[in-house]
Amino acid sequence: MDLAQVLSSLLGIGLASGLNVYAVVLTLGAAQRLGWLSNLPAGMDVFAHPIVLGVAAVMYAAEFVADKVPGFTPIWDGIHTFIRPVGAAVVAFSAFGNLDPVMRAVAMIVAGSLAMGSHATKMGTRLAAHTVPDPVTHSAISVAEDFSVVGILLLAYNYPWVALPLLLGMVVAIGVALPFLFRVVGFLLRTLQGRLLSFVKPEAQGGAGETMVVGYVRTGKGLGRLRKASWRLKPGQASVVIRGWFGRKELEVSPPLRHAEGLFLDYVELNTREGQPLSLYLTKDWAAVYREAI
């Protein structure tokens, strides 16, 4: 493979694996059997083995179903935070078997890192889609991701000079969004922890007559989505404290206008003193503290 082919296939494997690593293995294996890809390194023959294809198909079917369930998708993605980057590294190990060991190790590291970036992007997109809990919307996003995996890989291997600038553009876009993406990953892991530990309430903080509940910004003008927020509850008074890049912001808020309970998260809708709408996500452990406080 020439340099353009190496770079485009490396970017393609990493970015596509972050979306759906099972679809990557299935696409590479099926494409070899159908003759869509040729002149590939010998190490990639393993993807076309019937057993590998069978296991990849079963796991892809499981992900296909899980990706269509709005309430379960964040949990599935949270678990795959540990699977997709490792899967990308394993695929890269086989795909670049013709490189020397040092470059092969570099390819594994790069593919895993790219997969983590595209995986975080996927989770961020899905979390934003949860503001519209419509199964049709989630199904459309999931199908689009699957088509993207196939398109990225076929383009990367068959037309590397066309794929290379497009894939590099995707990497730059992910890099720009990285701070938010890491917040998304941390938030989803915290959501899982809150669900698992919901039977153990965290220690309530605050002074005399005050309860402090930890939440995360769901909506709020200029507050930064998913930023950690301290919601201070006192008799007849409440405020939300948010710490961002440019310092600390404290907002006086109204009593909750609405409290919605979900399987893994609750959220409350408030108004600031100036009448601006504000809503906070509460993980299940902190939601228990909030219910007791009110």
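Annotations for the structure displayed:
- Modelled label reach - Ala42, point 7 Å along Cα→Cβ, region 1-34 residues with backbone N closer than 14 Å: none
- All aspartates and glutamates inside 19 Å of Lys68 as judged from Cα atoms, apart from same-chain residues fewer than 8 positions distant: Asp77, Asp134, Glu145, Asp146
- Cα gyration tensor category, rounded, prolate or oblate, for region 8-133 with a/c compared to 1.5: oblate
- Label of the coordinate-derived value, Kirkwood radius over Cα pairs in Å, listed as (1) 19.7; (2) 20.9; (3) 22.2: (2)
- Length added when fully stretched, Gln237-Val172, from 0.36 nm per residue minus Cα-Cα: 18.9 nm
- The sum of -39500 (n - 2.57) across all DSSP H runs of n ≥ 4, divided by the residue count of the chain, sets its helix-only mean residue ellipticity at 222 nm to -19500 deg cm²/dmol.
- Each peptide in 14-24, 116-126 was scored by the mean count of other Cβ atoms within 10 Å over its residues; highest first, the order is 14-24, 116-126.
- Gaussian network model of the chain, springs between alpha carbon atoms under 10 Å - residue of Val91, Val149, Val171 with greatest fluctuation: Val171
- Computed on region 211-293, with alpha-carbon pairs under 8 angstrom and 6+ residues apart, the relative contact order is 27 percent.
- Helices meeting the span-like rule in the chain (full DSSP H runs, Cα extent of at least 20 Å along the helix axis, mean Kyte-Doolittle score of -1.0 or higher): 3-34, 50-66, 101-129, 135-158, 160-176, 178-196.
- Taking 0.36 nm per residue of sequence separation and removing the Cα-Cα distance, the Ala144/Arg291 pair yields an extension gain of 49.0 nm.
- Between Val86 and Val102, the contour length at 0.36 nm per residue exceeds the alpha carbon distance by 4.0 nm.
- In terms of packing, defined here as the mean over residues of other Cβ atoms within 10 angstrom, the peptides 75-82, 26-33, 46-53 line up highest first as 26-33, 75-82, 46-53.
- By average C-beta atoms within 10 angstrom, highest first, the peptides 57-66, 187-196: 187-196, 57-66
- Take the Cβ atoms of Ala260 and Phe182, set R0 to 22 Å, and the FRET efficiency comes out at 0.25.
- Proximal lysines to Lys249, defined as alpha-carbon separation beneath 20 angstrom and excluding residues fewer than eight positions away on the same chain: Lys221, Lys228, Lys234
- Separation between Cα centres of region 217-294 and region 36-76, rounded to whole Å: 40
- Integer Hz, Karplus 6.51/-1.76/1.60 couplings in order for region 224-238, x for Gly and Pro: x, 4, 6, 5, 5, 10, 9, 9, 9, 10, 10, x, x, 8, 8
- Take every Cα pair under 8 Å whose residues are at least 6 apart in sequence, average their separation, divide by the length of the chain, and the relative contact order is 18 percent.
Values quoted throughout were computed directly from the atomic coordinates according to the rules given, and no laboratory measurement underlies them. Note that the structure is predicted; figures quoted are calculated from it, not measured. Here Cβ is always computed from backbone atoms with ideal geometry, including for glycine, and neighbour counts include all displayed protein chains.
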